[in-house]
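A.B. asks: Here you go, one structure.
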Amino acid sequence: ALCSSTVCSAACAPWGTSDAAAARGYADCHLAAAQAQYDSLARYRHLPTGKLLDILDAIELHLAEVLWPTHAMEALHPDEHFRTVARALNDRAVDLYNRVRMDPRVYKLLRRAQTVRLGLADQHYLHRWREAFERHGVQQAPRVQAKLNVLRTAIRRLEEEFDRNLAEDREEVQLPVASLIGVPARILADKVIPGTTLARITSRGADIEA
């Protein structure tokens with residue numbers, strides 16, 4: 001395939017290379033396609049259930065082409081410039097992912113979706129989509145949603161650091177306790193380095209599970 005910034009073909013996926021420009025072009029294509037599908041939902045107050053699910057699936061598939069590869073690349077790619085580009089692309093994909101799943105208009109379409117003519121499998125699938133929006137915080141107040149997004153970003157950064165440490169075969173990392181927002185006190189209790197505001201996280205199984 002002839003790959004350019006307008007081509008979303010999987011054959012053009014640049015993740016096994018060090019071509020940051022190709023990565024940006026490939027991701028831009030999928031992010032634009034996901035955004036276009038998302039924008040199309042704004043035209044409807046009601047939508048046939050099958051059509052609604054098709055659009056949500058299309059958004060999910062386009063975002064998946066960016067979210068998971070860039071999440072890995074920002075931590076593991078050997079080239080620093082590529083990692084920087086991957087992080088910026090991942091941030092954009094996560095932002096769109098959050099906007100879709102916290103959009104009350106889209107949630108209303110899901111709530112209004114008819115189930116009368118759906119088979120049991122499709123009814124279950126629709127129910128799972130509704131649950132996914134609810135778990136993501138669509139019913140929460142805007143200030144709560146903002147806090148949730150801050151927490152999700154902090155978790156992603158910790159995951160990135162953790163993956164990088166594993167790739168570098170580092171057995172230990174020290175992090176400011178203040179950066180571990182949301183980690184239960186009982187888990188942090190024996191991680192804090194005495195006399196400091198740092199927590200020691202190791203590659204031992206118990207720490208990974210925590």
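The values are calculated or read from the model by the stated rules, or taken from the named source; none is laboratory data. Being a predicted model, the structure only gives us computed values, none of them experimental. Reconstructed Cβ throughout: ideal geometry from the backbone, glycine too, with neighbour counts over all protein chains shown. Side chains are part of the model used for accessible areas, which takes the heavy atoms of the whole protein and leaves out ligands, DNA and RNA. Shrake-Rupley method; radii C 1.70, N 1.55, O 1.52, S 1.80 Å.
A.B. asks: Please report the carbon-and-sulfur percent of the accessible area for the chain; probe 1.4 Å, protein heavy atoms only, DNA, RNA and ligands left out.
C.D. replies: So the carbon and sulfur contribution to the accessible surface is 56 percent.
A.B. asks: Let me ask you something else. So what is the relative contact order of the range 1-105, in percent, for Cα pairs below 8 Å that sit 6 or more residues apart?
C.D. replies: Computed over the range 1-105, the figure is 25 percent.
A.B. asks: Let me ask another. Put a dot 7 Å past each Cα toward the Cβ at Asp57 and Ile181; how far apart are the dots in nm?
C.D. replies: 3.7 nm
A.B. asks: Hey, another quick one. How far, in nm, would the chain grow between Val144 and Glu80 when pulled straight, counting 0.36 nm per residue and subtracting the alpha carbon separation?
C.D. replies: Gain in length upon complete extension: 19.6 nm.
A.B. asks: Which of Ala23, Ala199, Ala189 moves most in a GNM of the chain, Cα contacts under 10 Å?
C.D. replies: Comparing Ala23, Ala199, Ala189 in the GNM, the peak value goes to Ala189.
A.B. asks: Taking amide H atoms as placed 1.01 Å from N in the peptide plane, list the residues 5 or more away in sequence, or in a different chain, whose amide H sits under 5 Å from that of Leu47.
C.D. replies: none
A.B. asks: Still on this structure: Which value, in debye to the nearest 20, describes the size of the charge dipole of the chain about its Cα centre when Lys and Arg Cβ atoms bear +1, Asp and Glu Cβ atoms bear -1, and nothing else is charged?
C.D. replies: 1340 debye
A.B. asks: How about the range 17-50: which trypsin sites (Lys or Arg not before Pro) there are in a DSSP loop, with at most 13 other Cβ atoms within 10 Å of their Cβ?
C.D. replies: Arg45
A.B. asks: Go ahead and set up a Gaussian network model of the chain, Cα springs under 10 Å, then flag whichever of Arg83, Arg200, Arg105 fluctuates most.
C.D. replies: The residue that fluctuates most here is Arg200.
A.B. asks: Given 0.36 nm per residue, what is the gain on full extension from Arg157 to Thr115 after removing their alpha carbon distance, in nm?
C.D. replies: 11.1 nm
A.B. asks: Among (1) 8, 26, 28, 25, 11, 2, 0; (2) 8, 31, 32, 18, 9, 2; (3) 8, 33, 37, 16, 5, 1, only one was calculated for this model; which label is it, if the read-out is P(r) over Cα pairs in 10 Å bins from 0, in percent?
C.D. replies: (1)
A.B. asks: Let me ask something else. Short version: ³J(HN,Hα) in whole Hz for each residue of the range 58-71, in order, from phi by Karplus 6.51 cos²θ - 1.76 cosθ + 1.60 (θ = phi - 60°), x for Gly and Pro, what are they?
C.D. replies: With coefficients 6.51, -1.76 and 1.60, one gets 5, 4, 4, 5, 5, 5, 4, 5, 10, 4, 6, x, 5, 4 Hz.
A.B. asks: While we're on this one: Remind me, relative contact order of the chain in percent, using alpha carbon pairs under 8 angstrom and six or more residues apart?
C.D. replies: 15 percent.
A.B. asks: Any chance you could give the angle, 0 to 90 degrees and rounded to 10, that helix 80-101 forms with the longest Cα principal axis of the chain?
C.D. replies: Long axis of 80-101 versus the principal axis of the chain: about 50 degrees.
A.B. asks: If I model a spin label as a point 7 Å beyond the Cα along the Cα-Cβ vector, how far apart are those points for Arg24 and Thr196 in nm?
C.D. replies: Those two pseudo-labels are separated by 3.7 nm.
A.B. asks: Anyone know which of His71, His62, His46 comes out most mobile in the 10 Å Cα GNM of the chain?
C.D. replies: His46
A.B. asks: Starting from 0.36 nm per residue, how many nanometres of slack lie between Ser9 and Arg45 once their C-alpha separation is accounted for?
C.D. replies: Length gained, Ser9 through Arg45: 9.7 nm.
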